[in-house]
Structure formats: structure tokens, C-alpha cells
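The values are calculated or read from the model by the stated rules, or taken from the named source; none is laboratory data. Keep in mind that this is a model prediction, so the values were computed, not measured. With ideal geometry, Cβ positions are generated from the backbone for all residues, glycine too; neighbour counts draw on all protein chains shown.
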Amino acid sequence: MHQGEVLQVGTLVEIYEQPKTHFVTEFIGESNFLIGRVTAHQQDKILVLIDDFLP
């Protein structure tokens, strides 16, 4: 939505991979998805292992 107008409706994947306008492209920005698993948990910290070797 931009200035009260809906610019695009779709799934997250559709909007990210096929934005309809430049505004939608700028609004979505870039995303990085990493697959990991929690290997340790302390009071206010969590250690996540990514690709089985990058903590």
C-alpha cells in the first residue's frame, strides 16, 4: 500500500520475486534466508549453527 492505494496483492514469494512497481521493489528490499539450528541457549543469548559450521 502506498498513499492509500494497494499496489500489489499476492503471496510473499510472488511479491518478492515479481514486484509490480518500483515502489514495491524498494519497500520489500533485499532478504537473506539462512537455515540453521539452535545449538545452545542461555539467559539472553541463543547460539545458532548455520550450514553445520558457522556459529
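Pairing residues of the stretch 1-23 that are without any contact (Cβ under 8 Å) to a residue 12 or more places away in the chain with residues that are of a type in the set (Phe, Trp, Tyr) and surrounded by 10 or more Cβ atoms within 10 Å (Cβ to Cβ), at Cβ distances under 9 Å and at least 6 apart in sequence or on separate chains, gives Pro19/Phe27. The residues of the stretch 31-55 that are in contact with a strand residue (DSSP E or B) (Cβ under 7 Å, 6 or more places away or on another chain) and charged (D, E, K, R) amount to a single one, Arg37. Restricting attention to the stretch 2-36, the residues that are part of a loop (DSSP other than H, G, I, E, B), surrounded by 10 or more Cβ atoms within 10 Å (Cβ to Cβ) and among the aliphatic types (A, V, I, L, M) add up to 1. Can you name every residue in the stretch 22-36 that is at negative phi and at pLDDT below 90? Listed by number, the residues that qualify are His22, Thr25, Glu26, Phe27, Ile28, Glu30, Ser31, Asn32, Phe33, Leu34, Ile35, Gly36. The set of residues in the stretch 40-55 that are touching a Leu at 6+ places or on another chain (Cβ under 8 Å) and either closer than 30 Å to Met1 by Cβ or modelled with pLDDT of 90 or more (or both) comprises Ala40, His41.
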